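The values are calculated or read from the model by the stated rules, or taken from the named source; none is laboratory data. Bear in mind the structure is a predicted one, so any value in this text is a computation, not a measurement. For accessibility, only protein heavy atoms count, side chains too; no ligands or nucleic acids. Shrake-Rupley method; radii C 1.70, N 1.55, O 1.52, S 1.80 Å.
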Amino acid sequence: MRRIGSILLIVLLAAGCATEGNGNSTQDSSGPDTTPMTTATTSETETTGMNVKQPETTEETTAASAPRSLLSVKEIVMGAPGQGQKKPRVIVAASARTLSKELGRAVQESGEGAYVAAFWGKKPTGGYTIAVDKPLRAEKMVTIELDLKKPPRDAFVSQSITYPYVIAVIRGIEPASTKFALVEKSGRKLDWPIKKVGD
């Protein structure tokens, strides 16, 4: 009797393994997810400079039907220097050489475009970051979107004054003939002063 019970148990186990091994079973939810991510494709498109039709979100656009396109951006340096701009401001230059002269420090040459230095101002601790996110062009106006992040309340950060900044180059525009506006990633307009310097 015990022998028949053992044989039945082995047969049942074998039958269960056979149904799991056939090609009709679905992927185990604990395994790695191999579903392709659509958001990665979207973000790659956003930084290549391709024309993308954007929905009208504000009345401040130059014309209701003005074509808008994303511009490509390359960040050159980010950081929080020991001394920096005490108040938020942006400097736009036609070349790395011109921006270097304005800032009094060397800026890496990174090809043609508008060189942008954005300073968030004096902050009481570390953990504050700034990045150039999505520059948008509508005719002769370029809106630079800045991603401003504060440290979480429970974050361990340096207890020293910092001056977060970013230097980036925006491809495909001539700064001398372009007007600039600033917005935060949330869409809020920033009224930081923008200084344009030329060669």
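Here's the list of lysines a cross-link from Lys149 could span, going by alpha-carbon distance under 22 Å and ignoring same-chain residues fewer than 8 apart: Lys74, Lys86, Lys87, Lys122, Lys123, Lys134, Lys185, Lys189. Taking the DSSP beta bridges with both ends in region 75-199, the antiparallel portion is around 70 percent. Accessible area per residue for region 84-199 is 54 Å², calculated with a 1.4 Å probe on protein heavy atoms, without ligands, DNA or RNA. Under a 5 Å amide H cut-off, with hydrogens placed 1.01 Å from N, Leu190 pairs with Leu182, Val183, Glu184 among residues at least 5 apart or on other chains. Length gained on full extension, Thr125 to Leu190: 21.2 nm, using 0.36 nm per residue less the C-alpha separation.
Where does region 139-199 land on the Kirkwood hydrodynamic radius, alpha-carbon pairs, in angstrom?
Mean inverse Cα-Cα distance, inverted, gives 14.4 Å.
Here the extension length gained between Gln108 and Phe156 equals 14.1 nm, from 0.36 nm per residue of separation less the Cα-Cα distance.
Could you work out what % of the accessible surface of region 98-199 is carbon and sulfur, using a 1.4 angstrom probe and leaving DNA, RNA and ligands out of the count?
Its accessible area is 50 percent carbon and sulfur atoms.
Largest first, the three principal axis extents of the alpha carbons in region 73-141 are 38, 26, 18 Å in whole numbers.
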